[in-house]
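J.: Mind having a look at this structure? Questions to follow.
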Amino acid sequence: MLFYWELTLACGLACRHCRATAMSVGAPGELTTAESFQLLDDITGFGNPMPHVVFTGGDPLRRNDLEALVRGATERGIGSSLAPAVTEDFTPERLAGLRDAGIQTISLSLDGSTASLHDGLRGVSGTFEMTMDAFEIAADPRHGSRPCRSRSRRVGTRWCRRTPPCTGR
Ligand code: SF4
């Protein structure tokens, strides 16, 4: 059983197709951390095989208790996945922490082959480039350096990985 948990309506994107009617801040009445742990307890009531939880939203990265909830799921024997938006909140450090907490898989959306197509649907310019970076981060969240955001530093289909990161000039 898959359990899709919309943790929040908060999201930094403004996608044309957004089903969640996302907004910049969370909605009133979203579950607190304590209430969320109670829901995790309730989920264990389904028994074995335990449901797999997909943390989604809105953007689940907007919840600062996300790592605690992922760890709480792991401690209860509940596997979990992440369906984040790609914004500045998507960082190697955040993803490494979530992996430490027990996140098993991640899904990223790419809506077009060009920035104009993707950003046009996502409503925020620069999202295409950040999504390309996110693929690299997701592939290796512990690499310790941020993929360069400058096209001039792109080599073929890959980003340079200078440490410290270059300035993109
Ligand atoms: S990333 Fe998801 S939640 Fe955010 S605006 Fe787009 S569709 Fe809505």
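What follows draws every value from the coordinates through simple rules; no lab data is involved. Just so it is clear, the structure is predicted and the values come from calculations on it, not from any experiment. Positions of Cβ are backbone-derived with ideal geometry, glycine not excepted, and every protein chain shown enters the neighbour counts.
J.: For segment 109-115, what does the Karplus curve 6.51 cos²θ - 1.76 cosθ + 1.60, with θ = phi - 60°, yield as ³J(HN,Hα) per residue in whole Hz, taken in order and with x for Gly and Pro?
T.: Rounded to whole hertz, the list is 9, 10, 9, x, 8, 10, 4.
J.: Also: Around M23, which amide H atoms from residues at least 5 apart in sequence, or from another chain, sit under 5 Å from its own amide H, with H modelled in the peptide plane?
T.: A10, C11
J.: Quick one: Karplus J couplings for segment 37-46, per residue in order, coefficients 6.51, -1.76, 1.60, θ = phi - 60°, nearest Hz, x for Gly and Pro?
T.: For segment 37-46, the Karplus curve yields 5, 5, 5, 4, 4, 4, 4, 4, x, 5 Hz.
J.: Just to be sure I understand: if I project the alpha-carbon convex hull of segment 2-159 onto a plane and average over all orientations, what area do I get in nm²? Write down the numbers at each step before the final one.
T.: Numbers: hull surface 38.7 nm².
Seen from a random direction, the Cα hull of segment 2-159 projects 9.7 nm² on average.
J.: What is the fewest-to-most order of E136, E93 by other Cβ atoms lying within 10 Å of their Cβ? Walk me through the intermediate numbers first.
T.: On the way: E136 17, E93 12.
Going from sparsest to densest Cβ surroundings: E93, E136.
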